[in-house]
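The structure appears right after this line, and notes come after that.
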Amino acid sequence: MDAQPVPDTTPAPAARPAPTGPRAARKRQAIVRAARDLFLREGFGVGMDAIAAEAGVSKVTVYNHFGSKEALFTAVVAGGLDEPLSESGRGDRGGEGRSDAPDLARLVDADGPDALKAALADAGRAWGRALRADTEGRALRTLVATEVHRFPELGRAWRAHGPAGHHPAVTNALRALADRGLLDIPDLEVAVLQLYSLLVFPQMVFEQHGTELGEELGERLVVDGVEMFLRRYAATPGPAPAPSSAPGRAPAPSSTPGS
């Protein structure tokens, strides 16, 4: 009787802080790249042994960095979603830069409300161009929609990751703008989702139906979306301080009827 293949039941190592340092960063990048390629070719069912071999590391190293296959898959997809707005999206995907990726440094360094509005609109336009050109990211989003029904644990891992974890480049940019006093954001998680909903998610919906926004409609979406976002989150200047009394003089008493 032929031996049957044994499923991979190796337990993940106990949770520990992910390795740090330049060498660890290179290994993490190699793992994510290998996982992305294999997930796209074979789906979520691919084994961790295969991912480790593709990355040129041990399976223990993969678990040390990510803890579970669900966490690795989430990191791969989240990176694909956020990459068009991250610095890595401007020149670090397999060594091929994309000059059309948004420049978040210009957004964060905006000097005043008008510059912020213009920088947000420019970022939105570049974001749309990057999404339309990113065929691999489109494949990743399709993969999520397909695999989440077969592997419900992916949905749980995705929810646990949270918007800030899915979109760190945008989260960090909005946090920096709030710290500088240009935005007033009481709930950063909601603000990130609302910015995506205004500028990005409509393009993804069209894409999932086999079409895309036209250039003219896309421009209106960006302009109005930025206007709506800033109407909600642009910081308003506080009231001017009341003039103080002249030095050495008490305020004039108020007159009252009958005095």
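The values are calculated or read from the model by the stated rules, or taken from the named source; none is laboratory data. Note that this is a predicted model, so its numbers are computed, not measured. Cβ atoms come from the backbone with ideal geometry, glycine included; neighbour counts cover every protein chain shown.
Values for this structure:
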| item | result |
| --- | --- |
| Every pair of residues 6+ apart whose Cβ atoms lie under 9 Å, when the first sits in the range 174-191 and is closer than 18 Å to residue 114 by Cα while the second is in a strand (DSSP E or B) and modelled with pLDDT of 95 or more | 174/183; 177/183; 182/234; 183/234; 184/234 |
| Residues of the range 61-80 satisfying the condition of being touching a residue at least 60 places away in the same chain (Cβ under 8 Å) and of a type outside the set (Ser, Thr, Tyr) | 70, 71, 73, 76, 77, 78, 80 |
| Close pairs (7 angstrom Cβ cut-off, 6 or more residues apart or separate chains): modelled with pLDDT under 95 in the range 212-240, assigned to a helix (DSSP H, G or I) and aromatic (Phe, Trp, Tyr) anywhere | 212/206; 213/206 |
| Filter result (buried (at least 17 other Cβ atoms within 10 Å of the Cβ) and of a type in the set (A, V, I, L, M, F, W, C)) within the range 117-140 | 119, 120, 121, 123, 126, 127, 130, 131, 140 |
| Count of the range 141-176 residues which are exposed (fewer than 14 other Cβ atoms within 10 Å of the Cβ) and at pLDDT 80 or above | 0 |
| Total residues in the range 194-211, condition touching a residue at least 12 places away in the same chain (Cβ under 8 Å), of a type in the set (A, V, I, L, M, F, W, C) and surrounded by fewer than 17 Cβ atoms within 10 Å (Cβ to Cβ) | 1 |
| Hits in the range 177-187 (condition: surrounded by 16 or more Cβ atoms within 10 Å (Cβ to Cβ) and out of contact with any Pro (no Cβ under 8 Å at 6 or more places or on another chain)) | 177, 178, 183, 185 |
| Residue that is touching a residue at least 60 places away in the same chain (Cβ under 8 Å) and surrounded by fewer than 19 Cβ atoms within 10 Å (Cβ to Cβ), where the choices are 43, 47 | 43 |
| Answer from 105, 101, 130 - the residue that is modelled with pLDDT under 80, closer than 14 Å to residue 170 by Cα and in a helix (DSSP H, G or I) | 105 |
| Residue selected from the range 1-23 under the condition closer than 12 Å to residue 66 by Cβ and small (Gly, Ala, Ser), by the criterion modelled with the lowest pLDDT | 12 |
